[in-house]
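Laboratory data are not the source of any read-out in this text; all were calculated from the coordinates shown. What you see is a predicted model, and the numbers here were worked out from it, not measured in a lab. FYI the Cβ positions are ideal-geometry reconstructions off the backbone, even for glycines, and counts take in every protein chain you see.
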């Protein structure tokens, strides 16, 4: 079931890329989902306004269970929400969706490189992104890009250690993957499995 869910997502992204949407946002669909939700995938992504999961995967009402934070920063509320989606709704696919030119990652790099403090609760985000920035620096090349990719990979690894999520992965009812969104082409590619 998780493989079919992943294929459905990627097919939707291909429709989005070639501008051939197939969304059903009709009153009939609203009535169907009003009776209960049965999303086929969880998308844990960034709050960036250029990366709306429902649009880039060409999915409609009731199709996706979406959780977004700046830089895909994971906290207890997010983890509990992800676990809820798997445990209570039986969602077979969890995608950690990163993207190029993430402002939260850039801010973390600037704060760390400038040895300054971020303002207010932005510091919480910076602190959470430190491991990804450090890994990005070790990898060399474009630190901004590398740190964004590292954040996705680190999150996939961390989520697979959650007792609830790891039990679902081990029993074959859940697949957790990392994906990357290209802002210019609109294409999503799976980067971590």
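Using C-alpha pairs below 8 Å separated by at least 6 residues, the relative contact order for segment 1-69 is 43 percent. Of the residues 104, 120, 168, the one that moves most in a GNM of the chain with alpha-carbon contacts below 10 Å is 120.
Taking a ≥ b ≥ c as the square roots of the Cα gyration tensor eigenvalues, with a/c under 1.5 meaning rounded and otherwise prolate when a/b beats b/c, else oblate, which class fits segment 82-193? Prolate, since a/c reaches 1.5 and a/b exceeds b/c. Counting 0.36 nm for each residue step from residue 158 to residue 110 and taking away their Cα separation leaves a gain of 14.8 nm. Counting pairs of alpha carbon atoms under 8 Å apart in space and at least six apart in sequence, what relative contact order in percent does segment 69-193 give? Averaging sequence separation for qualifying contacts and normalising by length gives 31 percent for segment 69-193. Sorting the segments 106-113, 49-56 by their residues' average number of neighbouring beta-carbon atoms within 10 angstrom, most packed first, yields 106-113, 49-56.
Of all DSSP beta bridges confined to the chain, the antiparallel ones make up roughly 20%. Helix content alone sets the calculated 222 nm mean residue ellipticity of the chain: runs of n ≥ 4 DSSP H residues at -39500 (n - 2.57) each, divided across all residues, give -15000 deg cm²/dmol. Counting 0.36 nm for each residue step from residue 138 to residue 120 and taking away their Cα separation leaves a gain of 3.6 nm.
Spin-label model, residue 22 to residue 184: label points 7 Å out along the Cα-to-beta-carbon direction sit 2.9 nm apart.
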